[in-house]
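Since the structure comes first, as structure tokens, the remarks are kept for the end.
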Amino acid sequence: MARLFRIAVRNLRRYKRRTLLTASLVAIGVLFVLVFIAASGSFKNMIIAQITDSMLGHIQVHKKGYVASIENLPLTLNMNQDQMKKVEKAIQGTPGIEAYSPRVKFGGMFSTFAETTNIRLNGVDPDKEMKTVPLLQSRILQGGKWMQKGELLIPQLLARGMGVKVGDTVVIIATNKDGSVNGKQLRVSGILESATGPGGRDGYLHIDDAIEILRMEEPEVSEVAIRLKDFGRLHDVYKGLTAALSNEMNKQGTLLFEVHTWEGLSPFFNVARMIDVMTFFIKLMLIAIVLVSIMNVMIMAVYERIREIGTIAAIGTQPHRILSMFIVEGFCLALFGAAIGTVAGLLVVLILRSVKVTFDFGMQTGLVLMPTLHVMDVVAVALIVIVVAVLGSLQPAFKASRMEPIKALRHV
Amino acid sequence: MALVVAQDIYKDYQVGEVAVQALRGLSFEIEPASFVSFVGPSGSGKTTLLNLIGCLDKPTKGTLMVADTDILSLGRKASATFRGEHIGFIFQDFNLIPVLTVYENIEYPLLMVQELPAPERLKRVTTLLEAVGMTEQKDKYPDQISGGQKQRVAVARALVTNPQLVLADEPTANLDSKTAYMVIELMKKMKDEFKTTFIFSTHDQKIVGEAEILYRLEDGLLAGREARGGQTNG
């Protein structure tokens, strides 16, 4: 086998210019694919992290039917204390969960005494919320680090539109599920940066204030946001939690709770899927480049060496051995191109990381692109190139192995 | 027992729409360890006959036994195996593999065809390199040696597998007369040393006399047989 590789390498060196050109083509293909995977993957992961770590959490649990009506923030679909205990028990029995935060979501009126507008609010336990969506704190543009009881975080656009500043006193008025209206004065403790996606323009207040405004006799919860220890195990934990809650039925005999990953809650998931589809098509283009270039080179190699093939066949070389000689040649050429492309790709990724390219996404500006390549991505691209090169070499190699020695020896 | 037995062999070709009868009922026998030449003008059927004996082609009609094997019964893979085990080839254009050194060219059939272990390969290649006087050039590539040296390497490559039969189609056609004579002498020496049968074709009258047995071919027919020492048939 070592001799086969040595012969293949020498034959490639025999046509230096052609070998270099083909290897360069393969290398450029590998370079583009790796840089695209690194950049698009980084973009995707960054946005997913923004969405999950500053708003949604990784997984959410609601009472059945809540998500379908989430635009209305229906108070009638809140979980009561018993139901919340069941959810907490399921969370505690499911491995891989780092933190969770119960939320009371409601819509209300926001009044500065001079002007009034509507607002969507999340009543949260500040400690639990911080552990579940740690990046929420980084969205506070003005004001303190976090809010206390009697304080309110309001979205940037609302603050700008209503002319509200940190420290101002405002009134939140809301209707509870029985139809009675209540209000409470709160101090604006911070202004939140708006974010793309559901909940990106919501305000935050302490859960006790929410309970007071909504005059709940016992605390209720609209949703439970969950943070995982390892985001890579998202679907495992989702399945575990779904299974743990699958026995909880309502009076009608249907499921009491519904569990969603961030994918089912954020429209960005479709963008993420589009990025995956684009990556797939970029890989297809790489396959086409490798297939055409390697096949072309190997066809030329066979054509130029017909007499040599005739000679080795005449002296007794078996057809399968001739086949493997040309396949190994295509393999070596692809390996060479893939190696150059991988090194170049890693260099470009390193340069992009050091240059710190910034971009805007929705309301978020100045996001720094930090392209990252995983070993599996590099291995997968190299494997694609090598496998396609071997496939591309098959036809010319098969042709060489099937040549009649007498005809090959007569070839001029 | 004869090494090559041909009985009434015919070979027809189709060139475009024209049928060409290259061999027309040849019968002969060649004994082991003999030095045989087929001579005749261009188109007389020398190369066709050598291709048949070398299992590179099959007769249209007749029986051809080589080393007790009916070559008509051999399939593609079996033919390759048979050639690798029993036959060595020397080509007019030397046909050395340009990316292999002299040593590697000689070693090639042992490694890629017979798949012998390294110590055995080393022993045989070293012996052949010495026998053909190419030891000093063993690390050179074919484009770094002369035509005569190339043909010596080709002789060594043909003999390294210890074949019963070596076929040489116009082995001296691309060599000057002095080198051609030296190559024929080398082949004779190898035949004596390794007891191998050499069959070569030529139309060079100067080297024809070196053959122990001479077959004359004309228009695909055997026109005569001469054995050194005056025996003549035909």
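The values are calculated or read from the model by the stated rules, or taken from the named source; none is laboratory data. None of these values were measured; they are calculated from a predicted model. Positions of Cβ are backbone-derived with ideal geometry, glycine not excepted, and every protein chain shown enters the neighbour counts.
Quick grid of which residues meet (1) more than 27 Å from residue B:206 (Cβ to Cβ); (2) in contact with a Pro (Cβ under 9 Å, 6 or more places away or on another chain); (3) within 14 Å of chain A (Cβ to nearest Cβ):
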site	(1), (2), (3)
B:9	yes, yes, no
B:24	yes, no, no
B:34	no, no, no
B:48	no, no, yes
B:56	yes, yes, yes
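What's the number of the condition residue A:338 fails, among (1) among the hydrophobic types (A, V, I, L, M, F, W, C); (2) closer than 26 Å to residue A:39 by Cα; (3) in contact with a strand residue (DSSP E or B) (Cβ under 9 Å, 6 or more places away or on another chain)?
Single failed check for residue A:338: (3).
Which one is modelled with the lowest pLDDT, of the residues in the range B:107-117 that are farther than 23 Å from residue B:66 by Cβ and within 11 Å of chain A (Cβ to nearest Cβ)?
To start, the set of residues in the range B:107-117 that are farther than 23 Å from residue B:66 by Cβ comprises B:107, B:111, B:117.
Keeping just the survivors that are within 11 Å of chain A (Cβ to nearest Cβ) gives B:107, B:111.
Working: B:107: 94, B:111: 89.
Once the filter is applied, the top-ranked residue is B:111.
Looking at residue A:59, is it outside the structural domain of residue A:318 (by TED's automatic domain parsing) and surrounded by 19 or more Cβ atoms within 10 Å (Cβ to Cβ)? Please lay out each step first, then the result.
Numbers: outside the structural domain of residue A:318 (by TED's automatic domain parsing): yes; surrounded by 19 or more Cβ atoms within 10 Å (Cβ to Cβ): yes.
Spelling it out, residue A:59 is indeed outside the structural domain of residue A:318 (by TED's automatic domain parsing) and surrounded by 19 or more Cβ atoms within 10 Å (Cβ to Cβ).
Could you tell me which numbered condition residue A:333 fails, if it satisfies all but one of (1) more than 14 Å from chain B (Cβ to nearest Cβ); (2) surrounded by fewer than 16 Cβ atoms within 10 Å (Cβ to Cβ); (3) under 30 Å from residue A:301 (Cβ atoms)?
It fails just one condition, (2).
Among A:251, A:283, A:229, which is more than 14 Å from chain B (Cβ to nearest Cβ) and at pLDDT 90 or above? Break it down stepwise before answering.
Values: A:251 fails: at pLDDT 90 or above; A:283 fails: at pLDDT 90 or above.
Going through A:251, A:283, A:229 in turn, the sole match is A:229.
What number of residues in the range B:86-100 are in a loop (DSSP other than H, G, I, E, B) and either over 22 Å from the mean Cα position of the chain (by Cα) or at the interface with chain A (Cβ under 9 Å from one of its Cβ atoms) (or both)? Even if it seems obvious, please write down each step before you answer.
Within the range B:86-100, the first condition is being in a loop (DSSP other than H, G, I, E, B), and the residues that meet it are B:91-100.
Retained after the next criterion (residues that are either over 22 Å from the mean Cα position of the chain (by Cα) or at the interface with chain A (Cβ under 9 Å from one of its Cβ atoms) (or both)): B:91, B:93, B:95-100.
Of the residues in that region, 8 qualify.
Go through B:136, B:120, B:104 for me and flag whichever is free of Cβ contacts under 8 Å to residues at least 24 places away in the same chain, among the acidic types (Asp, Glu), farther than 29 Å from residue B:49 by Cα and facing chain A (nearest Cβ under 9 Å).
Numbers: B:136 fails: facing chain A (nearest Cβ under 9 Å); B:120 fails: facing chain A (nearest Cβ under 9 Å).
Only one candidate qualifies: B:104.
Looking at the range A:74-120 only, could you name the residues that are in contact with a Ser or Thr (Cβ under 7 Å, 6 or more places away or on another chain) and part of a loop (DSSP other than H, G, I, E, B)?
Of the range A:74-120, the ones in contact with a Ser or Thr (Cβ under 7 Å, 6 or more places away or on another chain) are A:77-78, A:99-101, A:103-105, A:109-110.
The answer is A:78, and nothing else.
So, in the range B:27-80, how many residues would count as being under 25 Å from residue A:317 (Cβ atoms), part of a strand (DSSP E or B) and touching a helix residue (DSSP H, G or I) at 6+ places or on another chain (Cβ under 9 Å)?
Final tally of qualifying residues: 4.
Those residues that are closer than 17 Å to residue B:98 by Cα, buried (at least 22 other Cβ atoms within 10 Å of the Cβ) and β-branched (Val, Ile, Thr), I need them from the range A:295-311; list them, please.
Within the range A:295-311, A:302, A:309, A:311 meet the criteria.
Taking the conditions exactly as written (closer than 22 Å to residue A:407 by Cβ, away from every other protein chain (no Cβ under 14 Å), in contact (Cβ under 8 Å) with a residue 24 or more places away in the chain and touching a Ser or Thr at 6+ places or on another chain (Cβ under 7 Å)), does residue A:298 satisfy them or not?
Numbers: closer than 22 Å to residue A:407 by Cβ: yes; away from every other protein chain (no Cβ under 14 Å): yes; in contact (Cβ under 8 Å) with a residue 24 or more places away in the chain: yes; touching a Ser or Thr at 6+ places or on another chain (Cβ under 7 Å): yes.
Criteria met by residue A:298.
Among residues belonging to the range A:164-179 that are closer than 14 Å to residue A:76 by Cα and among the polar types (S, T, N, Q), point out the one that is surrounded by the most Cβ atoms within 10 Å (Cβ to Cβ).
A:175
In the range A:378-405, what residues are among the hydrophobic types (A, V, I, L, M, F, W, C), surrounded by 18 or more Cβ atoms within 10 Å (Cβ to Cβ) and assigned to a helix (DSSP H, G or I)? Write out each step before concluding.
Kept after step one, since they are among the hydrophobic types (A, V, I, L, M, F, W, C), are these residues of the range A:378-405: A:378-391, A:394, A:397-398, A:400, A:403.
If we keep only those that are surrounded by 18 or more Cβ atoms within 10 Å (Cβ to Cβ) as well, we get A:378, A:381-382, A:384-386, A:388-389, A:397, A:400, A:403.
Result: A:378, A:381, A:382, A:384, A:385, A:386, A:388, A:389, A:397, A:400.
Looking at the range A:346-353, can you tell me whether even one residue there is surrounded by 15 or more Cβ atoms within 10 Å (Cβ to Cβ), out of contact with any Pro (no Cβ under 8 Å at 6 or more places or on another chain) and modelled with pLDDT of 90 or more?
yes
If I filter the range A:234-260 down to residues being more than 31 Å from the chain's Cα centre (by Cα) and in contact (Cβ under 8 Å) with a residue 60 or more places away in the chain, which single residue comes out as nearest to residue A:68 (Cα to Cα)? So that I can check it myself, show each step before the final result.
So in the range A:234-260, the residues more than 31 Å from the chain's Cα centre (by Cα) come out as A:247-254.
The next check asks that each one be in contact (Cβ under 8 Å) with a residue 60 or more places away in the chain; those that pass are A:248, A:250, A:254.
On the way: A:248: 19, A:250: 17, A:254: 16 Å.
Only one residue fits best here, namely A:254.
Do we have residue A:325 as of a type outside the set (Asp, Glu) and either within 14 Å of another protein chain (Cβ to nearest Cβ) or assigned to a helix (DSSP H, G or I) (or both) here? Steps first, answer last, please.
Values: of a type outside the set (Asp, Glu): yes; either within 14 Å of another protein chain (Cβ to nearest Cβ) or assigned to a helix (DSSP H, G or I) (or both): yes.
Against the criterion (of a type outside the set (Asp, Glu) and either within 14 Å of another protein chain (Cβ to nearest Cβ) or assigned to a helix (DSSP H, G or I) (or both)), residue A:325 qualifies.
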